[in-house]
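Report on the following structure.
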Amino acid sequence: MIRNIKIGFLSLMLVAVVTVASPAQDVPLVYDTEHSGAEFAAPVLPTYDQLPIVRPLPDPFAWSDGSGRSTEFNDWSRRRSEIKAEIEHYGIGKKPPRPDDIAATFDDGTLTVTVTENGETLTLTAKVNLPEGDGPFPAVIGVGFGSGSLPPGIFASRKIAMIPFNFAQVMSHTQKRGQEPINRLYPDQISIGAYSAWPWGISRIIDGLELVEDELPIDRKHLAVTGCSFAGKMALFAGALDERIALTIAQESGGGGAAAWRVSETLGNVETLGKTSRAWFTEDMFRFSNSVEKLPYDHHELMAMIAPRALLVLGNPDYEWLADPSGYVSCRAAHQVWKTFGIPDRFGFSIVGNHPHCRLPENQRPEVEAFVDKFLLDKMDVDTSVTKHPFEDVEHEFWYDGWSTGTSTFPMPDATDVESIDVEVESAKHGSDWRVHSDPQASGGNYLTVRSGQNSPQAAPAGESAAVSIPFTVTRDARYYVFARVNCPSPDDDSFWIKIDDGAFTAANGLGTTGWEWTKLADVSLESGDHTLTMAYREDGALLDRIFITTYPLGPTALETAGVASEKSLKAAVGDRFKIGVGVSHQVIRDPEDAALIRRHFQILTPENCMKPQGIHPEEDRWEFGPTDQFADFVRKNDLEMVGHCLVWAKDDRTDPWMMEEAGQPVSREKLLQRIESHIHTVVGRYADVATMWDVVNEAIGDSDAGMLRDSVYSRTTGIDFIVTAFKAARAADPDALLIYNDYNGHKPDKRTKLLELLTKLKAAGAPVDAYGMQGHFELGDNSLAELRETFDALRELEIQVVVSELDIDVVKRGRWWAEGGKYRDELGSYDPYKDGMPPEIQQQMTDQYVELFTLFDEYSDVIARVSFWNLHDGQSWLNDFPWKRVNHPLLFDRDRRPKPAFHAVYDLLAGSKR
């Protein structure tokens, strides 16, 4: 089966806070310690399955826990320590700290450093090239040679000492895990990659310089590190992980160095995450080979770790493998950090061609000398504003402008202009060496693989029997990206031969996956017309399911996440029964993929927190409109509706002191009602053009047996009158909106009695209550259908509409948290049964429960005005943290924004009986 799909880009406008921090004179050039942020606690490091998809380059200023961001320099040490923890955890392994037992000598021009840990000793030696004179001298630590791959004369002519680093004394270039020198010292860290081990060795050389300072006159305030190619990566990691290095010069470092993994995935034959050396990183990092968008950092942040110290990146675009277009984008993004701190001249990049690999050309030498003069010799009048490159046509801003300028232009697809061809390979012409097998996880239930024993790693096998032939047609002259859905379980079973038309076969190797995953095979410029993709076997364990050829560089997973690859839309299935909505944080709308998901499935948005009284009106004379204004602007620009949530929250712990007090005494009835009216007049008046519904009063009914209303400053001071006043004020400010009383558990018999009593009294008092907002925070197995039906019938009798305002299903049930005076809380605090995903039987129970609920909602659609979910996808749900921290799965979309079985079941139910 072959399908042609045309889809297009949409630039999404987002808002973020961008500020400039400390002036340059307050920002240090170097530090006395290896890691100045060592005292900060490590951030929470989610499991692979818990990590969200982030397709643009991640925000280097955003806290790892998602609580916000800071561009203040005083916060940078903490944020830098978070980036370090992420890079170590997901990429290279934890760099061991400075050992307690370390000694050094300097004899006959040789620095010798001995490190002892766990009864084992490792020795590092370096022949120091020391200038004539008394010193102290600045120094450069060069990988392999004293100046790395840079001309030694640059340093010798300036009386800069040169110290070679022999990396093999720590770990070999092609490490054998557990058998390297460093492994003897740290036998519990044999999983670390070379880019953790080698920087550790460079740091120990610096320790040695400190220990022999009386014999070896080195100015440790002016240390540099440099290297080229794999050693360029080494220099970059060393500079990032040791703040005693004043200047880092990373030469032609390529993928795994300056280049960003995310950007490299959109290029051709370059060093991507899946193709880099496994010896250099942890094995665990390669889980991200086909999902780099789940990696919580990227290498612009590795470079940013060097800030506020100096960094010069050198490139060579003649070598495609180095991925210099990606390095260029990454440098542009990283430079924003130095710019934010007011020190843009401490970062530079020079990408110059027409010279051999790792040989500095004359036209690149001036920038190297400038950085050396300024940051090793303190010649502060030297110009180091270097941004030399040949990539005028490379778009870079959309990768990072969401956090650098506040407006993201990252390309998100809609349904108009990108062309794709989707092929089920078992339906394509395939030779007799190929077999069709069944797997329920494969698309369509079938896949192709070559007969066992058929391997051809050196050259593509000849003849039609070895080939899979896929003819396709494109309608434009454009660059197309070829993706395959494959299952490649090991490095010996992870490749195919491919060619387009009459071109030569090339190996698509290193496709290792965890189960069935999409992976990029190639990209190629095509003219409009007919073409043929030919694939041949290379390794007999590689399984092939599907081919996707597209002009969208991020491929089918990105299209599916945005809802484009599927025609299903929740709001389309709901039709005109009721409005379908979602409650989200004001920060969620800044993410282009979240925004695309919202636009596809929902009509009406509820701001989760920013409009609540404590958020928008923290003091009587102070308002915080910014987040809500951003939220409302997003709603307007995307032709959506908004729920104003909420105007009065009838709980003392959700009410600021200024509302509760008057001249140091409890607030009077008159003043409280006046303040409520004033607050509502201001908020409703500001957003009446975009809000079509208002949660006027929230949670006023008591949970205990004592009385109808919850004990609060509002009920104690005014009785029911604060609710009447609030509704009348809201109606006066917005005559056309649906006005809602919002609460939880109103369908439970005891609370339903109070709810109906309250609504009856409010109507009698002239309060214009249009609807009851049933929050709908259900638990798995919560069989409430009969109670819900009775409640809806009673509300229909009162001529009160229903809004399902905060729908979710807690699969890690929370009820026991409050049982028997909280006696189970210690036990539940560590209860996290589905941290690795929901078992199939739990998934099915949740699916069945959602279907039952929406069947009921469909039946009562004459009464129900809206159904809103509370949070967009599982990763954003409040139930991951309330009432204890656990991994929850309560919504229709998973942490990668993919529709779950419950989504498909609800969609099919609604679409099958569409009105």
| query | In the range 725-743, which residues are assigned to a loop (DSSP other than H, G, I, E, B) and either touching a strand residue (DSSP E or B) at 6+ places or on another chain (Cβ under 6 Å) or under 19 Å from residue 799 (Cβ atoms) (or both)? | reply | 735, 736, 737
| query | Taking the range 148-190 on its own, how many of its residues are basic (Lys, Arg) and either in the same structural domain as residue 356 (by TED's automatic domain parsing) or modelled with pLDDT of 95 or more (or both)? | reply | 3
| said: For the range 691-713: of the residues being touching a Gly at 6+ places or on another chain (Cβ under 9 Å) and of a type in the set (A, V, I, L, M), which is farthest from residue 628 (Cα to Cα)? | reply: 708
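The rows are residues; the columns are (1) at pLDDT 95 or above; (2) more than 30 Å from residue 488 (Cα to Cα).
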site: 369; (1), (2): yes, yes
site: 387; (1), (2): yes, yes
site: 395; (1), (2): no, yes
site: 416; (1), (2): no, yes
site: 440; (1), (2): no, no
site: 461; (1), (2): yes, no
site: 465; (1), (2): yes, no
| query | Among the residues of the range 309-331, which ones are surrounded by fewer than 24 Cβ atoms within 10 Å (Cβ to Cβ) and either out of contact with any strand residue (DSSP E or B) (no Cβ under 8 Å at 6 or more places or on another chain) or among the hydrophobic types (A, V, I, L, M, F, W, C) (or both)? | reply | 318, 319, 320, 321
| request: Taking only the range 65-102 into account, find how many residues are out of contact with any Leu (no Cβ under 8 Å at 6 or more places or on another chain) and either in a loop (DSSP other than H, G, I, E, B) or over 28 Å from residue 205 (Cβ atoms) (or both). | output: 16
| task | Search the range 419-449 for residues being of a type in the set (A, V, I, L, M) and within 31 Å of the chain's Cα centre (by Cα), and hand back the single one that is nearest to residue 472 (Cα to Cα). | result | 421
| query | Looking only at strands (runs of 3 or more DSSP E) that fall completely inside the range 554-673, which ones have 1 or more residues that are among the basic types (Lys, Arg) and crowded, with 20+ Cβ neighbours inside 10 Å? | reply | 579-584
| remark: By residue number, the members of the range 127-140 that are among the hydrophobic types (A, V, I, L, M, F, W, C) and touching a helix residue (DSSP H, G or I) at 6+ places or on another chain (Cβ under 6 Å) are 140
| Residue that is surrounded by the fewest Cβ atoms within 10 Å (Cβ to Cβ) [pool: residues in the range 204-233 that are under 24 Å from residue 285 (Cα atoms) and out of contact with any helix residue (DSSP H, G or I) (no Cβ under 7 Å at 6 or more places or on another chain)] | 229
| task | Could you tell me whether any residue of the range 351-364 is part of a helix (DSSP H, G or I), closer than 17 Å to residue 249 by Cβ and touching a residue at least 40 places away in the same chain (Cβ under 8 Å)? | result | yes
| said: Just to verify a result, which residue in the range 789-803, among those that are of a type in the set (A, V, I, L, M, F, W, C) and touching a helix residue (DSSP H, G or I) at 6+ places or on another chain (Cβ under 7 Å), is surrounded by the most Cβ atoms within 10 Å (Cβ to Cβ)? | reply: 802
| said: Taking the conditions exactly as written (surrounded by fewer than 23 Cβ atoms within 10 Å (Cβ to Cβ), in contact (Cβ under 8 Å) with a residue 12 or more places away in the chain, assigned to a helix (DSSP H, G or I) and polar (S, T, N, Q)), does residue 760 satisfy them or not? | reply: yes
| said: Looking at the structure I just gave you, is residue 576 outside the structural domain of residue 398 (by TED's automatic domain parsing), within 18 Å of residue 637 (Cβ to Cβ) and either of a type outside the set (A, V, I, L, M, F, W, C) or out of contact with any helix residue (DSSP H, G or I) (no Cβ under 6 Å at 6 or more places or on another chain) (or both)? | reply: no
| query | From the list 752, 716, 731, which one is touching a Gly at 6+ places or on another chain (Cβ under 8 Å) and charged (D, E, K, R)? | reply | 752
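The values are calculated or read from the model by the stated rules, or taken from the named source; none is laboratory data. Remember, predicted model here, so these are calculated numbers, not experimental data. Quick reminder, even Gly has a Cβ in these numbers, built from the backbone with ideal geometry, and neighbours come from all protein chains shown.
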